[in-house]
Amino acid sequence: MTTRTQRGLRAIAGLAGAVAIALSAMALSGNAQAVTGQDKVFGPPWSIAGATNGAILWHNNSTNETRFWHMSANEFNGDSTVVDTAGRPALVGPPFSIVGVSDFDRDGGADIVWYNSQTGETQIWFMNGSQVRSRATVVNGQGQPALVGPPFSIVGVSDFDRDGGADIVWYNSQTGETQIWFMNGSQVRSPATVVNGQGQPALVGPPFSIVGVSDFDRDGGADIVWYNSQTGETQIWFMNRNQIRSPATVLDENGQPIFIGPPFSIAAASDLDGNGESDIIWHNSQTNVTQIWFMIGNRILSRADVVDAPPAPPSSSQAPPSSSPALPQVHTYTVKNCDSHPTSAGAVFGASKSVWVNDITANTGFREFAVLQGFPVGQQCGASEFSPQTFVFNTTAGHTFELRVIDYQIAGCSDTPTSCRALNETFTGSATGGNVVRVVTG
């Protein structure tokens, strides 16, 4: 198992060896945003079964009821029990269990995936809101039931091939293989093993485990979230279908790796604040508080406990204060591989680009703020993509800022903000004083 782990996450990400680190539950909630609502305390016999955009799915292990929490960021705005086609509560228990929730029929609504641990059947409930519209057993390419048992188990469902329909992710606990079933509704269109950047199977075992799948980089395709139970590290594999494009450790608001242990555990991943990028949902098994990490890529923007929505205002003219966290302003810019090169396509480009920021209002002049890494070296213009880059900086509200990205590692370019610009943009500082700049490939 150790050998497999070394071939897997550690080899792919280049992670450091064993690190002595104290896992602190306080690290999870220490920077949580102040809210006006009360923490929503919810625990056994209820447990989180999954999440979809704008909702968290719960299942009651005693009554077998399934329930959606309807969310607005971290605010609980009511719930609804899942009912069958006749409108009666759909009560289902062992040997069936919920293994995922996502849109399989491309109607824009979430569907629920169940697995039968006795027969190996996977079944999809196609939903109309919280009501079951129809049910279907997952079948193979020949239309026969696709029955799968140990050592494989379903670890997530989401759209990996950007066709608008969800796919199913399986994990083999013996070999460490992760496999994606690319789906067409309830039929398996094709299976594929997850591979690394070199096209080799990415085999990973304990202490890492898959804890979520969702789109974290806003490219329309799902990514895979892993958790290390020994170090408390959370890592995201940014994916291109079944191939790892780049792995990244989850960072806190200050850009430092964040390590979390019990009593917190990751329960699901989905976009709850509506910014197009997935967030991470944690649950505290001691306090039964649920907390959301609002993410931009692999970096935490802010954290907030799930709270009850504040009571209705006494009159329509007196709106209550929002309990949703104030998120920094996000600016997304596109940088093509050779935008900064003074010559035509066919030239080569460097391995990094320099980020410069100028507060025009305060007349500070340009200051180098960060360096964007990961640009392929020595390839022709337009020949390759680079991984999305994210950085955070504080601004003065209302000030106008100028942002430049330059490439100074190629012939004819120097390390100055006027040389070989790949990007030249201006924006106004947000009211929160926090800004996130995200640079994506062209």
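The values are calculated or read from the model by the stated rules, or taken from the named source; none is laboratory data. Please read these numbers as outputs of a predicted model, since none were measured by experiment. All Cβ positions, even for glycine, are placed from backbone atoms using ideal geometry, and neighbour counts span all protein chains on display. Only protein heavy atoms, including side chains, enter the accessible area calculation; ligands, DNA and RNA are left aside. Shrake-Rupley method; radii C 1.70, N 1.55, O 1.52, S 1.80 Å.
In the stretch 91-132, what count of residues is obtained for those that are farther than 21 Å from ALA267 by Cα, small (Gly, Ala, Ser) and open to solvent by less than 10 Å² (accessible area, probe 1.4 Å)?
Residues that pass the stated criteria total 1.
Here is a list of conditions, (1) closer than 15 Å to VAL155 by Cα; (2) open to solvent by less than 20 Å² (accessible area, probe 1.4 Å), and GLU233 meets all of them except one; can you say which number that is?
Going through the list (1) closer than 15 Å to VAL155 by Cα; (2) open to solvent by less than 20 Å² (accessible area, probe 1.4 Å), GLU233 breaks only (1).
Suppose we keep only residues that are within 23 Å of the chain's Cα centre (by Cα) and not in a strand (DSSP E or B) within the stretch 186-198. Which one would you say is nearest to VAL157 (Cα to Cα)?
VAL194
Could you list, in sequence order, all residues of the stretch 205-261 that are basic (Lys, Arg) and not in a strand (DSSP E or B)?
Scanning the stretch 205-261 gives ARG218, ARG241.
Anything in the stretch 191-220 that is among the polar types (S, T, N, Q) and surrounded by fewer than 22 Cβ atoms within 10 Å (Cβ to Cβ)? List them, or say none.
Across the stretch 191-220, the qualifying residues are THR193, ASN196, GLN198, GLN200, SER209.
Specify which of the listed residues (THR63, THR85) is touching a Leu at 6+ places or on another chain (Cβ under 7 Å), among the β-branched types (Val, Ile, Thr) and either at pLDDT below 95 or open to solvent by 30 Å² or more (accessible area, probe 1.4 Å) (or both).
After ruling out the rest, the residue left standing is THR63.
Out of curiosity, is VAL99 assigned to a strand (DSSP E or B) and either modelled with pLDDT of 90 or more or among the acidic types (Asp, Glu) (or both)?
Spelling it out, VAL99 is indeed assigned to a strand (DSSP E or B) and either modelled with pLDDT of 90 or more or among the acidic types (Asp, Glu) (or both).
Just one of ASN242, ASN254 is open to solvent by 30 Å² or more (accessible area, probe 1.4 Å) and at pLDDT 95 or above; which is it?
ASN242
Can you find even one residue in the stretch 161-170 that is part of a loop (DSSP other than H, G, I, E, B), closer than 18 Å to SER278 by Cβ, open to solvent by 30 Å² or more (accessible area, probe 1.4 Å) and of a type in the set (D, E, K, R)?
yes
Does at least one position in the stretch 138-159 carry a residue that is without any contact (Cβ under 8 Å) to a residue 12 or more places away in the chain and assigned to a loop (DSSP other than H, G, I, E, B)?
Yes.
So which residues in the stretch 258-281 are at pLDDT 95 or above and either aliphatic (A, V, I, L, M) or open to solvent by 40 Å² or more (accessible area, probe 1.4 Å) (or both)?
ILE258, PHE259, ILE260, PRO262, SER265, ILE266, ALA267, ALA268, ALA269, ILE280, ILE281
Checking ASN77 against (1) free of Cβ contacts under 8 Å to residues at least 24 places away in the same chain; (2) surrounded by fewer than 18 Cβ atoms within 10 Å (Cβ to Cβ); (3) under 23 Å from the mean Cα position of the chain (by Cα), only one condition comes out false. Which one?
(1)
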